[in-house]
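Here is the structure we will look at.
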Amino acid sequence: MPAKYHIHVRQVPPRFSPLAKSTIIDWAEGCLRCATCVKEQCPVDAYRKRGFDRSQFVDTIDEMCRDCYRCVQGCPRELIFKAANPQYRQMGDAYWTPEILATTWYQAETGKIPVSGAGYGGPFAGPGFDSFWTDMSEIVRPTRDGIHGREYISTSVDLGRKPMFLTFDSNGELTWPSPPLLELPLPIILAEPPFAASPGGMQDIIIQAAGNLETLAILSRNRLGPVPEETAARLMPSYTAGSLDLDDPLLSQLRTLEILDHPEVLEQIEAVKRRYPKLIVSLKVPADGKVVERVAELTAAGAEVIHIFASEQARGLGDSQDLHLKDLIRRCHLRLVEDRLRDTVTLLVSGGLALAEHVAKAIICGADAVIVDLPLLLALECRLCRSCAKGGKCPVEIETLTVKRGAQRVINLIGAWNNQLLEIMGAMGMREVRRLRGEVGRAMFIEDLEKEIFAPLFANREVETIKREPN
């Protein structure tokens, strides 16, 4: 049995005070000067340690406060109370909520799984990935649980084309060479965010993190500078339509690359494979209304890896904006199953994957692995204000962040995500992430439940009337 894959996380404290969900309002007027002030009884000594962050104009006590409300309830004059922090609510947007940002910051800082300590307090149904649940029946058997159990759980995935059958000669040798395959120890690939305060620094951070995690880094070839030979093996340069030059010296050092889909892409792949037969080519296909047919067409034509990319909000593109990424993944997966070609191709998906559970749920819907981009930027304490995209100044000065520090925060984030994936698989009784792909039988979709179970209960329901006899 091979050694277990392990991500080495390390505490990396934030450079800026994280914005807290609530803030303490402390009125000095009317204080009775009690012999023992409630502030002195704070279990985390927040009032004594508090300070003022001049760079953000925030009171650091909000970060240290653990919301025990001892001071609020104990003050005899009720001079202390908690209120919602308006700066916190202004972070992100409707999809990338403040809660997602805060969770990402915590994981990037500690590498740990966030635990509320009071159970799950959120909704049990919602849009997108929140509309289905996974089967956690094995969680009651701790000896089989993922991280702390005795059994080995594999998170490795393969990138590349797999033949539908093998033929051998009289000597037992394959009659044709097997296509190239690349094994990754976890089903997560790092990608360059669509914007950043320091694009060059962001690329260096992703490259270093990908090398440590033993995964791949997808970076735009147009913005990619000189690449050391020892780094090229972890790169997947992304080429726009028509920008691929077969004489590019980088191609001889790579194991895989990505090309944006266009009408002549199959001819381009054929030319690449003739010159670099060991190179794995991924096709980047937009998640629009034609994605299902296009994925089926490319797979039938011999595509090795297909990358389906959606919007930042995990929605389809173009005429598929009303569809969520999970539905598009399921449709592509089921179409390949119908064509009996699903096992031949690797499906990668990206767009709106914001939390660790989105990784497992995307794989359940039919993906082989996922590509994350914006969470990597959030790991660097980004507030998602998008000021850098407009040419403005970054409020957390990401451009001054060192590569070593930034890479470790990304490693911490992926380490926390990987541990959560192991927890989910252990609770489901799964021992290999490859088996998780398309395992919708181990999930419950709210749309299917409403259609198959609840709808028949209320369809054509006859209203019975009770006729009373007159008195």
Legend entry - Over 18 Å between alpha carbons, listed pairs K290/K326; K39/K82; K162/K290: K162/K290
Inset, instruction - Give, as ranges by residue number, the residues of the stretch 424-443 whose backbone N falls under 15 Å from the point 7 Å along Cα→Cβ of Y152. - result: 431-434
Inset, instruction - Wrap a convex hull around the Cα atoms of the stretch 33-72, take a quarter of its surface area, and give that in square nanometres. - result: 3.2
Legend entry - Between the stretch 365-439 and the stretch 162-209, the alpha-carbon center distance in angstrom: 19
Legend entry - Stretchable slack from A94 to D322, in nm (0.36 nm times residue separation minus alpha-carbon distance): 80.5 nm
Inset, instruction - Determine, for each peptide in 326-339, 11-24, the mean count of other beta carbons within 10 angstrom over its residues, then list the peptides with the highest first. - result: 326-339, 11-24
Inset, instruction - Specify which labelled value, from (1) -0.33; (2) -0.26; (3) -0.30, agrees with log10 I(q)/I(0) by the Debye sum over Cα atoms at q = 0.06 Å⁻¹ derived from the coordinates of the model shown. - result: (1)
Inset, instruction - Return a whole-number percent for the relative contact order of the stretch 328-471, with Cα pairs under 8 Å and 6 or more residues apart as the contact set. - result: 26
Inset, instruction - Would you mind checking the tilt of helix 199-213 against the longest principal axis of the Cα atoms of the chain, expressed as 0 to 90 degrees and rounded to 10? - result: 80
Inset, instruction - Would you mind putting 57-70, 444-457, 155-168 in packing order, based on average other-beta-carbon counts within 10 Å, highest first? - result: 57-70, 155-168, 444-457
Legend entry - Förster radius 45 Å - calculated FRET efficiency between Q41 and N222, Cβ distance, rounded to 0.05: 0.15
Inset, instruction - With an 8 Å cut-off on Cα pairs and a minimum separation of 6 or more residues, tell me the relative contact order of the chain in percent. - result: 21
Inset, instruction - Could I have the simple spin-label model distance between A443 and E264, label points 7 Å from Cα toward Cβ, reported in nm to one decimal? - result: 3.9
Inset, instruction - Pop a pseudo-label 7 angstrom from the Cα along the beta-carbon direction at both K290 and A28 and give the gap in nm to one decimal. - result: 6.8
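Estimate the FRET efficiency between D67 and L334 by the formula 1/(1 + (r/R0)^6), using the beta-carbon distance for r and 56 Å for R0, to the nearest 0.05.
0.80
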Inset, instruction - Using 0.36 nm per residue of separation minus the Cα-Cα distance, give me the extension gain between M164 and C385 in nm, one decimal. - result: 74.8 nm
Inset, instruction - Rounded to the nearest 10 degrees, what's the angle between the helix 356-365 long axis and the longest principal axis of the chain, both from Cα atoms, 0 to 90? - result: 40
Inset, instruction - Please give the direction-averaged projected area of the C-alpha convex hull for the stretch 22-90, in square nanometres with one decimal. - result: 4.9
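Read-outs: derived from the displayed coordinates by stated rules, not from any lab. Computed from a predicted model, the values in this text were never measured in an experiment. Because the Cβ atoms are built from the backbone with ideal geometry, glycine has one as well, and the counts that use them run over all protein chains shown.
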